Amino acid sequence: MDIPAKIITTSAQETKNFGGKIGRLVIGEPRAPGAFIFCLYGELGSGKTTFVQGFSEGVGVKQRLVSPTFIIVRRYHIPQTYFYLYHCDLYRFSHSVDIRTLGMDEIFQESNSIVLIEWAERLGDALPNNRIDMQFAIGPKESRIITSSYKKI
Ligand SMILES: Nc1ncnc2c1ncn2[C@@H]1O[C@H](COP(=O)(O)OP(=O)(O)OP(=O)(O)O)[C@@H](O)[C@H]1O
Ligand SMILES: [Mg+2]
């Protein structure tokens, strides 16, 4: 999949548009077993949720996306499919999370579903093997630097 290794956005709207573009790319991808997992890292306010908002629009989710900070995982149906987009936020966990407690191991195995995880570093050793890592950083003015890499087994 053709995700740019590095992109700099200069507004929230641009980050949203970038999310939309990646979402549309993912929908067109042939699928491997298990969920399509995006692990998002980066300081507070670096644009992770903004990216996920654009992404969910890109895959056609009609509901307004709200930050899952207090309930950890929110699930959205992807129209015209049997699949779901999961938006997770692990910020509240200061220590490594037991993903079984969260039921996330089951979500990771759901073929065709898409999972986006904010503060994914909280998963520690439980980070899934097949994933796309995206690092968000705050640059000068309103800019955000987004670097992406694939992680394979
Ligand atoms: N280039 C940009 N890309 C994304 N957001 C931007 C940009 N410039 C300014 N912003 C602003 O920065 C904030 C990003 O907030 P957002 O909730 O997306 O961050 P986050 O990484 O999810 O933070 P948290 O770790 O608290 O969940 C928003 O208020 C947004 O309007
Ligand atoms: Mg967020």
Residue within the range 53-65 that is within 16 Å of ligand 2 (Cβ to nearest atom) and either exposed (fewer than 15 other Cβ atoms within 10 Å of the Cβ) or at pLDDT below 90 (or both) present: yes
If you scan the range 27-49, which residues turn out to be aliphatic (A, V, I, L, M) and more than 18 Å from F136 (Cβ to Cβ)? I27, A32, A35
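The values are calculated or read from the model by the stated rules, or taken from the named source; none is laboratory data. Keep in mind that this is a model prediction, so the values were computed, not measured. With ideal geometry, Cβ positions are generated from the backbone for all residues, glycine too; neighbour counts draw on all protein chains shown.
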